[in-house]
1. Given a cut-off of 20 Å, what percent of all Cα-Cα pairs of the chain lie beyond it?
2. Using a 1.4 angstrom probe on the protein heavy atoms only, could you order Ser72, Ser61 from most to least accessible area?
3. Rule-of-thumb check for the range 3-71: C-alpha Rg over 2.2 N^0.38 Å?
4. Per DSSP helix of 4 or more residues, -39500 (n - 2.57); summed, then divided by the residues of the chain. What does that give at 222 nm, rounded to the nearest 500?
5. Restrict the search to the range 1-104; then list the chymotrypsin sites (Phe, Trp or Tyr not before Pro) that DSSP places in a loop and that have at most 14 other Cβ atoms within 10 Å of their Cβ.
6. Got a sec? Charge dipole of the chain, +1 on Cβ for Lys and Arg, -1 for Asp and Glu; which of Ser36, Ala16, Gly55 is way out at the positive end?
7. Which whole-number percent is the relative contact order of the chain (Cα, under 8 Å, 6+ apart)?
8. Ignoring everything but the protein chains, give the 1.4 Å probe accessible area of Arg43 in square angstrom, nearest 10.
Amino acid sequence: QSNFEALLRRKLPAPAPLRRGSFTMENTIHEMAGHSLVMRVMRRIMAKTIAKMNGGKIDFSNSDFRMSYTSSVDSALFSLCIASGGTMPENIARGMLDIANGHLLRGLRRMGKREQRP
């Protein structure tokens, strides 16, 4: 950051602190997990799913597992919908986002709706 500040010759504004209620589809599961139980559960599910593809156990010493896990939990939520090829429908991701933001019923309703296809 100091290199950019030197280049710009001014201080950069501090990033807004992450907090429940302010998450967007641009936030990552990892970022939200510190504030949301549903995202901690999702992070664990992703670890177990990736482990099945890499020998069956969660093993952070395995570079293939670590790379897959990190690229998944550190990707923006909207990109997981795209990258998953439809295995994570947008309504599920947006419902989880609602729940992470403290809107449990809205999130559950959204997750229960069928995704509209154009």
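1. Distances greater than 20 Å cover 51 percent of the Cα pairs.
2. If we order Ser72, Ser61 from most to least accessible, we get Ser61, Ser72.
3. 1.54
4. -16500 deg cm²/dmol
5. Sparse-neighbourhood loop chymotrypsin sites (Phe, Trp or Tyr not before Pro): Phe60.
6. Looking along the dipole axis, the top candidate is Ser36.
7. Once divided by the residue count of the chain, the mean separation gives 25 percent.
8. Rounded to the nearest 10, the figure is 60 Å².
The values are calculated or read from the model by the stated rules, or taken from the named source; none is laboratory data. Just so we're clear, the structure is a prediction, and the values are computed from it rather than from any experiment. Backbone-built Cβ (ideal geometry, glycine too); neighbour counts: all protein chains shown. To get the accessible areas, we keep the full protein, side chains included, count just its heavy atoms, and leave off ligands, DNA and RNA. Shrake-Rupley method; radii C 1.70, N 1.55, O 1.52, S 1.80 Å.
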